[in-house]
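Trainee: Input: one structure, supplied below.
The values are calculated or read from the model by the stated rules, or taken from the named source; none is laboratory data. Note that this is a predicted model, so its numbers are computed, not measured. Ideal geometry is used to build each Cβ from the backbone, glycine not excepted, and the neighbour counts take in all protein chains shown.
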Amino acid sequence: MSKFTKLCVLAALVSLPMASHHAQAQVVYGPPPGAVIVPRPPPPPMRYEMVPPPRRAMVWIRGHWDWRYRGYVWVPGHWRAVGRYR
(Lines give C-alpha, C1' and ligand atoms only; values in the text may rest on other atoms or scores of the structure.)
Protein backbone atom coordinates (compact mmCIF):
# COMPACT_ATOMS: atom_id res chain seq x y z
CA MET A 1 0.00 0.00 0.00
CA SER A 2 1.23 3.43 -0.81
CA LYS A 3 1.74 6.11 1.79
CA PHE A 4 -1.22 8.08 0.36
CA THR A 5 -3.59 5.07 0.64
CA LYS A 6 -2.52 4.43 4.22
CA LEU A 7 -3.12 8.10 5.04
CA CYS A 8 -6.62 7.98 3.48
CA VAL A 9 -7.51 4.82 5.43
CA LEU A 10 -6.23 6.37 8.66
CA ALA A 11 -8.21 9.58 8.01
CA ALA A 12 -11.35 7.54 7.37
CA LEU A 13 -10.90 5.51 10.57
CA VAL A 14 -10.29 8.64 12.64
CA SER A 15 -13.29 10.51 11.18
CA LEU A 16 -15.68 7.55 11.51
CA PRO A 17 -16.52 8.13 15.21
CA MET A 18 -17.10 11.83 14.49
CA ALA A 19 -19.57 11.00 11.72
CA SER A 20 -21.69 8.94 14.07
CA HIS A 21 -22.37 11.90 16.39
CA HIS A 22 -25.49 13.83 15.60
CA ALA A 23 -27.44 16.71 17.05
CA GLN A 24 -30.19 15.86 19.49
CA ALA A 25 -33.30 17.83 20.29
CA GLN A 26 -35.70 17.32 23.14
CA VAL A 27 -39.39 17.61 22.41
CA VAL A 28 -41.42 18.82 25.36
CA TYR A 29 -45.18 18.39 25.38
CA GLY A 30 -47.37 20.55 27.53
CA PRO A 31 -47.44 24.13 28.66
CA PRO A 32 -44.27 26.11 29.24
CA PRO A 33 -42.96 26.35 32.80
CA GLY A 34 -44.84 28.86 34.89
CA ALA A 35 -47.92 28.81 32.66
CA VAL A 36 -51.30 29.17 34.32
CA ILE A 37 -53.73 26.47 33.17
CA VAL A 38 -57.41 27.26 33.47
CA PRO A 39 -59.55 24.20 32.77
CA ARG A 40 -62.71 24.84 30.84
CA PRO A 41 -65.99 23.81 32.44
CA PRO A 42 -67.73 20.66 31.27
CA PRO A 43 -70.57 21.04 28.77
CA PRO A 44 -74.14 21.42 29.99
CA PRO A 45 -76.23 18.26 30.33
CA MET A 46 -77.28 16.55 27.10
CA ARG A 47 -80.46 17.74 25.47
CA TYR A 48 -82.82 14.96 24.51
CA GLU A 49 -84.37 15.29 21.08
CA MET A 50 -87.18 13.27 19.59
CA VAL A 51 -85.66 11.02 16.95
CA PRO A 52 -87.64 11.42 13.74
CA PRO A 53 -88.93 8.38 11.84
CA PRO A 54 -86.34 6.60 9.67
CA ARG A 55 -85.65 7.82 6.13
CA ARG A 56 -84.37 5.82 3.19
CA ALA A 57 -80.57 6.06 2.68
CA MET A 58 -80.24 8.51 5.58
CA VAL A 59 -78.85 8.21 9.08
CA TRP A 60 -79.79 10.40 12.04
CA ILE A 61 -76.87 12.19 13.73
CA ARG A 62 -78.02 13.09 17.22
CA GLY A 63 -77.42 16.52 18.69
CA HIS A 64 -74.33 17.17 20.78
CA TRP A 65 -72.35 19.90 22.50
CA ASP A 66 -69.35 21.19 20.55
CA TRP A 67 -66.58 23.51 21.81
CA ARG A 68 -66.37 26.55 19.55
CA TYR A 69 -64.16 29.52 20.29
CA ARG A 70 -64.89 30.32 23.93
CA GLY A 71 -67.74 28.08 24.91
CA TYR A 72 -69.95 25.11 24.14
CA VAL A 73 -72.56 25.40 21.42
CA TRP A 74 -75.43 22.97 20.90
CA VAL A 75 -75.33 21.33 17.48
CA PRO A 76 -78.85 20.04 16.77
CA GLY A 77 -79.51 16.57 15.37
CA HIS A 78 -79.64 16.25 11.60
CA TRP A 79 -79.98 13.75 8.78
CA ARG A 80 -76.92 12.67 6.78
CA ALA A 81 -76.98 10.73 3.51
CA VAL A 82 -75.20 7.39 3.43
CA GLY A 83 -74.09 5.04 0.67
CA ARG A 84 -74.42 5.93 -2.99
CA TYR A 85 -77.01 8.63 -2.33
CA ARG A 86 -74.41 10.81 -0.69
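Trainee: Take the residues in segment 38-51 that are closer than 16 Å to residue 77 by Cβ and among the aliphatic types (A, V, I, L, M), then tell me which one is surrounded by the fewest Cβ atoms within 10 Å (Cβ to Cβ).
Mentor: Ranking the candidates gives 50 first.
Trainee: Looking only at segment 52-75, filter to residues that are surrounded by 10 or more Cβ atoms within 10 Å (Cβ to Cβ) and of a type in the set (D, E, K, R); which one of those is farthest from residue 40 (Cα to Cα)?
Mentor: 55
Trainee: Could you run through segment 76-86 and say how many residues are touching a Lys or Arg at 6+ places or on another chain (Cβ under 9 Å) and either within 17 Å of residue 40 (Cβ to Cβ) or among the hydrophobic types (A, V, I, L, M, F, W, C) (or both)?
Mentor: Selection size over segment 76-86: 1.
Trainee: Here is a follow-up. Would you be able to tell me the number of residues in segment 1-27 that are surrounded by fewer than 10 Cβ atoms within 10 Å (Cβ to Cβ), β-branched (Val, Ile, Thr) and at pLDDT 70 or above?
Mentor: 2
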